[in-house]
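In what follows, a structure is listed as structure tokens, so that the remarks can point back to it.
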Amino acid sequence: MQILFVVLFSILVHHLFEVQIVNGQKYAEDFELRITRTIRDPSIRGNIYDCNGEVLACNKLVYTVTMVDNGTYASERERQLSLNSIIYRVAGRLKENHEKINHGLKIEAGENGGYVYTATGSALERFKADIFGEADPKDLTPEQMDVSADEMMEILSGNSKFALYGEGKRAYSETELQEYGLPGEFTAEEMLTIVGIRYLLSANAYKKYVPVVLARDVSEKTVACLSENNQSLTGIEIGQDWDRVYAGGEAFSHILGYTGKISSEEMEQYADLDRDYTSDSVVGKSVIEQFMESEL
């Protein structure tokens, strides 16, 4: 017994030495990486003035509706139902108040009730690669490259993806739909909104605490409505952001340019700059706004 205890104690000491001394720094760095959360506050883009000091481009404070997947679920089925239910209810409120919803997909509802892509060429290939989990569009199979917008929506709304009508091998029951306030059938616009927002959330799966923007520049009526019901809308928050305002209107558009959400190509282009661009960053798209991006 004494020999056995000595052997076991020696193994324990050796293991502790490995963990704390040999690999101590590595484990400490891994632990810090897991517990560290970087929360970004939207910064104000620089103003543009004319030679007399008159403001040509400035910023306006706006309200945003954001969402994070921070709920606690007993099963994957409950998670799917909960997320779809919250998005469905919030999207309904936003539509009632005539707010523009950001669904993140390069797809829109067509006139005949189907769907069409809103992008072409390399942008569309990049979008399909993101959906199918490929780092390079060149890795897509011919079948994936030829997927139509209707087929893409079937894939995204299917039971194994964002589960609009059922999870796993079972469709949702009437009881489940009533409990979560979901309809038996969605319209094309409702499907597009739910699937699109779920797509944005899935893109943040590795950093669930980072919110995705559902709508920008919403009215005070929308802010009040969602704030009153925030207890039942898990993960929905009212945030603040800045909108670009051009004092000269369209008269200076050919000189000042405009801003927009950064694309994957621009992320690669600005990778060498000493800036922390994210998928939600706003960058200059043309003329002065683009040329002076590093200063603005």
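The values are calculated or read from the model by the stated rules, or taken from the named source; none is laboratory data. What you see is a predicted model; the values in this text were computed from it and never measured. Counting neighbours? That spans all protein chains shown, and the Cβs are built from the backbone with ideal geometry, glycine included.
A compact table of results
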| quantity | calculated |
| --- | --- |
| Helices (runs of 4 or more DSSP H) enclosed by region 207-296 - at least 2 residues per element that are closer than 23 Å to Thr193 by Cβ and in contact (Cβ under 8 Å) with a residue 24 or more places away in the chain | 220-228 |
| Count of residues meeting criterion [within 13 Å of Arg77 (Cβ to Cβ) and in contact (Cβ under 8 Å) with a residue 40 or more places away in the chain] in region 142-161 | 0 |
| Hits in region 228-251 - residues which are in contact with a strand residue (DSSP E or B) (Cβ under 6 Å, 6 or more places away or on another chain) and more than 15 Å from Leu61 (Cα to Cα) | Gly235, Ile236, Glu237, Ala247, Gly248 |
| Residues of region 203-217 satisfying the condition of being among the small types (Gly, Ala, Ser) and in contact with a strand residue (DSSP E or B) (Cβ under 7 Å, 6 or more places away or on another chain) | Ala215 |
| Lone qualifier among Phe17, Phe31 - being loosely packed, with under 11 Cβ neighbours inside 10 Å and assigned to a helix (DSSP H, G or I) | Phe31 |
| Candidates Val62, Val90, filtered to the one that is in contact (Cβ under 8 Å) with a residue 40 or more places away in the chain and over 17 Å from Tyr199 (Cα atoms) | Val62 |
| Residue tally, condition under 20 Å from the mean Cα position of the chain (by Cα) and more than 19 Å from Ile107 (Cα to Cα), over region 137-156 | 0 |
| Among residues of region 44-61, those that are surrounded by fewer than 12 Cβ atoms within 10 Å (Cβ to Cβ), among the small types (Gly, Ala, Ser) and under 10 Å from Arg244 (Cβ atoms), counted | 0 |
| Matching residues, region 169-197, being in a helix (DSSP H, G or I) and either more than 22 Å from Leu105 (Cα to Cα) or charged (D, E, K, R) (or both) | Glu174, Thr175, Glu176, Leu177, Gln178, Glu179, Tyr180, Glu189, Glu190 |
| Unmet requirement for Leu200, which otherwise passes all of (1) assigned to a loop (DSSP other than H, G, I, E, B); (2) in contact with a strand residue (DSSP E or B) (Cβ under 6 Å, 6 or more places away or on another chain); (3) under 23 Å from Ala123 (Cβ atoms) | (1) |
| Test for Glu154: is it among the charged types (D, E, K, R), modelled with pLDDT of 90 or more and within 22 Å of Leu200 (Cα to Cα) | yes |
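Residues are listed down the side, and each one gets a yes or a no for (1) within 33 Å of the chain's Cα centre (by Cα); (2) of a type outside the set (S, T, N, Q):
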| position | (1), (2) |
| --- | --- |
| His15 | no, yes |
| Val19 | no, yes |
| Gln25 | no, no |
| Ala28 | yes, yes |
| Arg37 | yes, yes |
| Lys60 | yes, yes |
| Ile101 | yes, yes |
